[in-house]
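Novice: If you scroll down you'll find the structure; I have some questions about it.
The values are calculated or read from the model by the stated rules, or taken from the named source; none is laboratory data. Small disclaimer: the values here were computed from a predicted structure and weren't measured. Here the Cβ is made from the backbone with ideal geometry for all residues, glycine too, and neighbour counts use every protein chain on show.
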Amino acid sequence: MPVSELKERHLAATATVNGLRDRLKQKRLLLLDTDVAGYAKSLGRSAVSFGQTDLVCCRTLQGHTGKVYSLDWTPDKNRIVSASQDGRLIVWNALTSQKTHAIKLPCAWVMTCAFSPSGLSVASGGLDSVCTIFNLNSPIDKDGNLPVSRLLNGHKGYVSSCQYVPDEDTHLITSSGDQTCVLWDVTTGQRISVFGGEFPSGHTADVLSVSINKSNPKIFVSGSCDATARLWDTRIASRAVRTFHGHEGDVNTVKFFPDGQRFGTGSDDGTCRLFDLRTGHQLQVYYQQHGNNDAPIVTSIDFSISGRLLFVGYSNGDCYVWDTLVAEVVLNLGSLQNSHEGRISCLGLSTDGSALCTGSWDKNLKIWAFGGHRSVV
């Protein structure tokens, strides 16, 4: 068969697939008579009200000499690990602001970090395509550095995100610029499963973020530069369980809703979206209109313990607190005293929900404490 005919067939098949996808999208829209906010408002629900003192910056963690790229809390809520362009991981005591570890990385180009569930180890990854594990209890070497305890080698592109499987120090999931996610056995350093890649239902561009479902750690969701989020089951690694469309730009961040039945996404298109796992429907869009129509990029998201609040970091230094129910911004941390002076690159809520930590390109991390709204959120 001549090449020209093959190309024609390929174009025709692509057009057919795109046409079917559009028809499916229209059918889905017909099934959705309203969104979460529309339904909530029809029931007379109003937004959570926040005063200026209900969420305040109580600490600034200073010590990095480069942009902060990633952070993670320990389950015991008292410690934070952060990764920076300065090529170091710093472990902080969140209560005292004290640095307990400053770990020099083998590769300075770090993009992500994570605490193990026990809090005994930290993982990091970046442009060297390796996920590096450090045991915080290891003795330091003669140069004063913490030795690497395990290298997870196998990705063919940068490691963009890593997360330990809940309650297991022995398993970890990474996402990568090679369009795949990988489940690792930390003990042996071996890959257990690869998600995507040569499989047709995988991502078609760099994978930027993963979130593991705490209610069911066998499933996780990933976000990618192909503008989709995908749901995976570690028991069936060969194909994505479901693909979620809607964004018009890179999906930079994904996070499961506390009930494990929904998840949130944040994108270059300036929007956050809430998706339902079971139906595949988009339930809500969180978007603030900007005067110049140039919406800032969403870099990171997290939910409050109840799911009523969505914390969103943006590339312009804003950090919005959204009411997920009525889709309204109830507070902008970027407008408060002691706010960051640069892009918010990462954020995360402590395990008990009592504090939020934000990291920024201004080289600092900030801890925000809740006042009177602790019981609401």
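Novice: Based on what the data block shows, is T265 assigned by TED's automatic domain parsing to the domain that holds D167, crowded, with 19+ Cβ neighbours inside 10 Å and either modelled with pLDDT under 95 or on the phi < 0 side of the Ramachandran plot (or both)?
Specialist: yes
Novice: Name the residue, out of D143, D185, D178, D167, that is more than 16 Å from the chain's Cα centre (by Cα), over 24 Å from K218 (Cα atoms) and either at pLDDT 95 or above or not aliphatic (A, V, I, L, M) (or both).
Specialist: D143
Novice: For V122, state whether it is assigned by TED's automatic domain parsing to the domain that holds D206, among the β-branched types (V, I, T) and buried (at least 22 other Cβ atoms within 10 Å of the Cβ).
Specialist: Yes; evaluated as a whole, the condition is true for this residue.
To keep it simple, each residue is scored yes or no on (1) within 20 Å of the chain's Cα centre (by Cα); (2) in a strand (DSSP E or B); (3) free of Cβ contacts under 8 Å to residues at least 12 places away in the same chain; (4) surrounded by fewer than 23 Cβ atoms within 10 Å (Cβ to Cβ).
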{"residue": "W322", "(1), (2), (3), (4)": "yes, yes, no, no"}
{"residue": "L325", "(1), (2), (3), (4)": "no, no, no, yes"}
{"residue": "V330", "(1), (2), (3), (4)": "no, yes, no, yes"}
{"residue": "S339", "(1), (2), (3), (4)": "no, no, no, yes"}
{"residue": "G342", "(1), (2), (3), (4)": "yes, no, no, yes"}
{"residue": "L347", "(1), (2), (3), (4)": "yes, yes, no, no"}
{"residue": "D352", "(1), (2), (3), (4)": "yes, no, no, yes"}
{"residue": "C357", "(1), (2), (3), (4)": "yes, yes, no, no"}
{"residue": "K363", "(1), (2), (3), (4)": "yes, no, no, yes"}
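Novice: For S175, state whether it is in contact with a strand residue (DSSP E or B) (Cβ under 7 Å, 6 or more places away or on another chain), of a type outside the set (F, W, Y), closer than 15 Å to V81 by Cα and in a strand (DSSP E or B).
Specialist: In short, no.
Novice: Out of all the residues in the range 206-237, which are farther than 24 Å from D185 by Cβ and without any contact (Cβ under 8 Å) to a residue 40 or more places away in the chain?
Specialist: Hits for the range 206-237 are C225, D226, T228.
Novice: Which of the strands (runs of 3 or more DSSP E) found entirely inside the range 85-161 contain at least 1 residues meeting this: among the charged types (D, E, K, R), closer than 30 Å to D352 by Cβ and touching a strand residue (DSSP E or B) at 6+ places or on another chain (Cβ under 8 Å)?
Specialist: 88-93, 99-104, 150-153
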